[in-house]
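A quick write-up on the structure given underneath.
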Amino acid sequence: MADEKWESAFPVLCKTSSADIGNVCHAVAESFCQDDVISADAFLSTWTLEEWWQVRSVLTDIMRSAVGKGWSKEKISEELGSLDEPYKKVLIDVINVHEASLRKKLLLDTTAVSHAVLSDFDWKLQLAMSSDKLAQLQELLVQLDLDVREAGGDRKRVILEMDKSELGRLISSLEACGKSVQQMTTS
Amino acid sequence: MEEVDRIIVHSLRSIGCDIEEDVQSLRQFSTELIVATVARCLKVISSDLELPSSLPPGMSARFRVGASLANHVQDLGYKGGDLGYQTFLYSNETEIRKIFMFLVEKLPKESSQTADEPLGASVLLHRAICTELSNQLSASWTPTFMKDRGIRSRSKPPGWQREGACCLQYYHSCPTRTPVGTANLSIKLPRETRSYYTSKLPYVTNQTRVHRDTAPSVLEANTLEVAVQQEWETEWNSVGLASRLTQQEFKRRKRERLLKLIRDRLQQDSQRQERGTGPSALNDLQQVMTSIEAQGKSGLSKTKGSRFAHTEKLQYAKDEEKTMAQMGTAAPQDTEEEQERKRQDEVDGLREELHKVTSDLEKLDLEVRKFTASQQQMDEVIMTEEKSAEEKKAAYTVKKRTLDLLPEAEANIGKLQAVVDSSAQRLVTLAKQWESHREPLIQQYRELRQLHSQRESEAEKKLEEIKVFRARMKESADEARRKEELQKQLVSEFERMTKDVNRSAYTRKILEIVANIKKQKQEIDKILVDTKSVQKEINSLSGKLDRTFTETDELVFKDAKRDESVKKAYRLLAALHENFESLIHTVEDTGVVTREIRDLEEQIESESSKKILSNLEKISEDLQQMKKENSGLIAKVKGK
C-alpha cells in the first residue's frame, strides 16, 4: 500500500532537480525531528500546495520507515522502486545524515505513549519582599510551569507556585519516582 | 598635612557637604565653602540648630553668621585659642584645619559603626534589592513605545531595568542541531555528512522558529549534554567500576538487560491479558456471533434461533407495532391476536426443543468426560505395564547370563575371578596414575587460586582507592568552589570597603608616623645627652681654668714681690684673664642673639603664612563696604 502511495508521489518529486531535492529532504527531516512546521512558501514555485503536502508526507513516511525498520542502503534503494538513481542517492544520503536524530525522535514518540506527557517546563524564582500584612516577609517562591501534552495532542500548561516546604515535598516525591525507575532499570 | 586634609575632606563629603571633586586640601577652601561646611557639620552634630548653609550678601549679616558659628563651635568645647567671626571670614589654613579636625572628631559615629559590622550575603542581597527598588520607584513613568522590549536604561546610577510585563516570554527551547564529531580529526566523517555540515546545516540562530528561543535552546542543549555526562559519570563510578568491564561492554550489557526486561514485561502482560480477559472476551464474541446469527436466521426462518434473539425480536416487534399504531395505519385486530397466538406456540415449541437440545448436550458432555477419564486411566495402566515389562526384561537377561554360565561353573568362576582381579589391579594402577597426575594439578590449582584471590583483593583495594580518590576529588572541588564563593563575597565586600576610607593605607601611614616620631625622639634624646656632656665638659674646663688661674696668680704674685719683670708678667696675666673672660661673654651673647634671630624668623614665617596681607585687604574692603552700607542706611533714615 505504502509502495503505491510512494510510487504515485515519485513523478511529483521529480518535478524538481536532483540538486534541489537535497534541500527539500533536509528541510523535511529537520522539521520532523523538531516537531516543527515548515512553511511551504519556498517550494510553491515548483509544486502546488497539494503536491507539496503529498511530497512532505511521502518523504516523512520514507524516512520514518527507513529508520524505524533499520533498512540498509540497498534495501532503501530497493524499496524506492522506480525513482531515478540520483534522487535515490540524495534521499539515502539525507537519511544517513539524519539517522541519529530521526531515531531519537521516533524513540521519543514511542516512549511518550502515556495519555499525558511532560513536554516542556520552565521555572522562575521569586522573592516576596513583603505582603499586605507584613512589612518584612522575605519568602522565597518558585513558580513552576509544566507543559503537558495530552493524549489528543492538546497542550496544557500547568502552573504551580510553591514555597520552600512544598518544593521540598515535590522534589522528594519526584526523587522517589526516579528511584523506582532506577530500580527497574538496574535490577 | 595632605593626608589629614584628605581625611577631613572625605569625612565632610560623607556627611553630605557639596565639595567639588578636585578639592583635595583645605588650602583650596573658599570662605563660602568654609562657612557652608562648618554649618553642615554643626547641623549633623546637633540636629536642632538653625544655621544658614550659605553666606548672606550683606556685610553685617556675614559678621553675625561668623560670630554665631564661632559661638556654636566654642559651645561644643573647642579650646584652640581665640575664636571669633574673623576665624571663618578671614581664615588661615592652620586654624581652619584645627577647627575641622575638632568638628570631624565630634561627628556622630553610628554610621561608621554599622558599616564596620560584617554583613551576610542575604543582608547584602536585601540591601541591593532595596536600593534597586528605590531607584526604580524614583524614576518617572515613560510610555511603552519609548522602551525597547521593555528595557529602560538609566544613566545615574548606570544600569538598566525591565519594565512592564508585555515583553516577558517563556523560557522555551527546541532541539538544535550542531555538527557532531568535527573536533576529532582522526575520525573521518562520511562525505555526505561533511557536505551537509558545510553547506546545508542552517546557523543555530536560524534553527528555531522564533528568534528569542535561540538562547534558551542553546543553553538547554548544553545543560542536557552536561547532565547526560554527569549521570553517566555517577553511574560509572557507582556501578560500572565495580563490574570491571570496559565502558562499551558495560553499556552493551545494560542495553541487553533492559531489552530482556522489557520483553519479559510485555510477555507477562500479554499472558495475563489472555488469562484474565480471554474467556470473557470469548464469551462476548460468542454472544455477538450468536446474536448476529440469530438475527440472520430469524430473518430467514422464524422457527429457529436462540431465546435471546427471540426476545429481542419481540421487543422490536412491539416497537414496530407502536410505530405502526402511531403512523395510523392500524392492521386488523384479529390478525394481531392470531399472530400473538402463533408466536406463543412458536415460543413454546422452541423452548421444548431447546430443553431437549440442552439435555442432549449435557448427556453428551457427561459421556465425553467419562471417555476422557477412562482414557486417562488406560494411559496410566499402559505406562505401568510398560514399566513392569522393562523390569522383567532386565531380570530376564541377567538370569539368562547366569544360566549360560552354569554348565562350566568352576572354570567360569575362575575366569570371572581372574577378570575381577585384573580389573581390580587395573583400578589400583589407574588410581595411582590418577594420584600422580592429581598431585601437581591440585598444587597448580591451589597456586592459581591463591594468585587469583590475591589479584582480587588487590583489585578491590585499588577500587577502594579509586573511590576514595574520587570522593576526595569531589570534596576538593567543592571546597574550591566554596572558597571561590567566599573570595567573591570578600572581594565584593572589599570593593565596598575601599569606597570608604582606605583604612589600611591610613593605618600604615599612622604607624609610619609613630615610628618616625620615635626615631626623632631618640635623636632628640641623643642630642640632649650630647648637650649635657658638652655642658659638663665646659663646666670642668672652666673649673680647671679657674684653679689654674688662681694657682698661677698666687705663684706669679709671690714672685712679683721679688722681681720687677715678674710684676709685669702678673699684670699681663690679669689683663689676659680679663680679656678672655670678656671674649667668652661675647660668645655666649652671640649664641643668645642667634637664637633670638631664629625665633623671630620662625615667627615671621608663621605670620606670613596667615595671609595677613590679603586678609588685611579683604578686611579693608569689607570695612569700606560696611561704611557704604552704613552711609546708605543713614541716608535712608534721613530720607524718612
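Tabulated data
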{"item": "Which listed residue is assigned to a strand (DSSP E or B) and away from chain B (no Cβ under 12 Å), from A:Leu118, A:Leu140, A:Leu107", "result": "A:Leu118"}
{"item": "Hits in segment B:216-228 (condition: exposed (fewer than 14 other Cβ atoms within 10 Å of the Cβ) and of a type in the set (A, V, I, L, M, F, W, C))", "result": "B:Leu219, B:Leu224, B:Val226, B:Ala227, B:Val228"}
{"item": "Set A:Glu30, A:Glu51: member being closer than 20 Å to B:Arg194 by Cα and in contact (Cβ under 8 Å) with a residue 12 or more places away in the chain", "result": "A:Glu30"}
{"item": "Scope segment B:160-204; condition polar (S, T, N, Q), loosely packed, with under 12 Cβ neighbours inside 10 Å and either away from chain A (no Cβ under 11 Å) or in contact (Cβ under 8 Å) with a residue 40 or more places away in the chain (or both); matching residues", "result": "B:Gln169, B:Asn184, B:Ser186, B:Thr198"}
{"item": "Any chance B:Leu69 is modelled with pLDDT of 80 or more and within 35 Å of the chain's Cα centre (by Cα)", "result": "no"}
{"item": "Within segment B:122-148, tally of residues that are outside any strand (DSSP E or B), among the charged types (D, E, K, R) and exposed (fewer than 12 other Cβ atoms within 10 Å of the Cβ)", "result": "1"}
{"item": "Of residues in segment B:32-55 being surrounded by fewer than 16 Cβ atoms within 10 Å (Cβ to Cβ) and among the hydroxyl-bearing types (Ser, Thr, Tyr), the one modelled with the highest pLDDT", "result": "B:Ser46"}
{"item": "Candidates B:Leu83, B:Leu33, B:Leu51, B:Leu26 - the one that is among the aliphatic types (A, V, I, L, M) and in contact (Cβ under 8 Å) with a residue 40 or more places away in the chain", "result": "B:Leu26"}
{"item": "Check on A:Phe43, modelled with pLDDT under 80, more than 19 Å from A:Asp93 (Cα to Cα) and more than 11 Å from chain B (Cβ to nearest Cβ)", "result": "yes"}
{"item": "Identity of the residue in segment B:520-554, within 19 Å of B:Val587 (Cα to Cα) and acidic (Asp, Glu), that ends up farthest from the chain's Cα centre (by Cα)", "result": "B:Asp546"}
{"item": "Per-region count, segment B:209-266, residues more than 26 Å from the chain's Cα centre (by Cα), within 21 Å of A:Gln183 (Cβ to Cβ) and touching a residue at least 60 places away in the same chain (Cβ under 8 Å)", "result": "2"}
{"item": "One residue from A:Leu102, A:Leu59, A:Leu80 being under 22 Å from B:Pro179 (Cβ atoms) and away from chain B (no Cβ under 11 Å)", "result": "A:Leu102"}
{"item": "Filter result (farther than 15 Å from B:Asp75 by Cα and of a type outside the set (Asp, Glu)) within segment B:31-43", "result": "B:Thr31, B:Leu33, B:Ile34, B:Val35, B:Ala36, B:Thr37, B:Arg40"}
{"item": "Which numbered condition A:Ser130 misses (of (1) within 11 Å of another protein chain (Cβ to nearest Cβ); (2) within 30 Å of B:Gly181 (Cα to Cα); (3) not β-branched (Val, Ile, Thr))", "result": "(2)"}
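A quick yes/no check of all residues on (1) exposed (fewer than 14 other Cβ atoms within 10 Å of the Cβ); (2) charged (D, E, K, R); (3) at pLDDT 85 or above; (4) over 23 Å from A:Gly152 (Cα atoms):
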| residue | (1), (2), (3), (4) |
| --- | --- |
| A:Gln34 | no, no, no, no |
| A:Val37 | yes, no, no, no |
| A:Thr48 | yes, no, no, yes |
| A:Gly70 | yes, no, no, yes |
| A:Ser82 | yes, no, no, yes |
| A:Lys88 | no, yes, no, yes |
| A:Met129 | no, no, no, yes |
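The values are calculated or read from the model by the stated rules, or taken from the named source; none is laboratory data. What you are looking at is a predicted structure, and each value in this text was computed from that prediction instead of being measured. Heads up, the Cβs are rebuilt from the backbone with ideal geometry, glycines too, and the neighbour counts pull from every protein chain shown.
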